[in-house]
Amino acid sequence: MRADEIRDMTVPDLQARVAELEEERFRLTFRSATEPLEDPLRLRAIRRDVARLKTILRERELTAKAAGAAR
């Protein structure tokens with residue numbers, strides 16, 4: 001997932017996507033303990049996507065606070 005695609009999403013969409021990815025990561029981590037994964041690099045991709053999503057959410061939060069403080 002690219003950052004420009006993420007920036008086009010709304011805040012509720014971002015939060016929902018973070019929840020989906022964290023659930024997928026949990027399932028993959030749990031499964032990796034019992035059997036080898038087909039694509040072990042998927043865990044890395046999920047971690048990085050979650051980090052990107054949370055970064056964009058934090059940027060929006062700070063922007064909203066700055067806009068509120070400027071009033």
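Quick notes on this structure:
- Measuring how big the chain is from its alpha-carbon positions, Rg and Dmax come out at 15.4, 56 Å.
- In this rough spin-label picture, where each label sits 7 Å from Cα along the Cβ direction, the SER32-THR63 distance is 3.3 nm.
- Stretching ALA45 away from ALA16 to a fully extended chain increases their span by 8.7 nm, per 0.36 nm per residue minus the current alpha-carbon distance.
- Heavy-atom surface of the stretch 1-60, accessible at 1.4 Å and reported per residue (Å²): 74
- Solvent-accessible area assigned to carbon and sulfur over the chain amounts to 53 percent, based on a 1.4 Å probe.
- When +1 charges are put on Lys and Arg Cβ atoms and -1 charges on Asp and Glu Cβ atoms, the dipole computed for the chain relative to its Cα centre reaches about 400 debye.
The values are calculated or read from the model by the stated rules, or taken from the named source; none is laboratory data. Bear in mind that the values here come from a model prediction, so they are computed numbers and not experimental data. Glycine also receives a Cβ, built like all others from the backbone with ideal geometry; neighbour counts cover every protein chain displayed. Ligands, DNA and RNA are stripped out before the accessible areas are found, and what is left, the full protein with its side chains, is counted by its heavy atoms. Shrake-Rupley method; radii C 1.70, N 1.55, O 1.52, S 1.80 Å.
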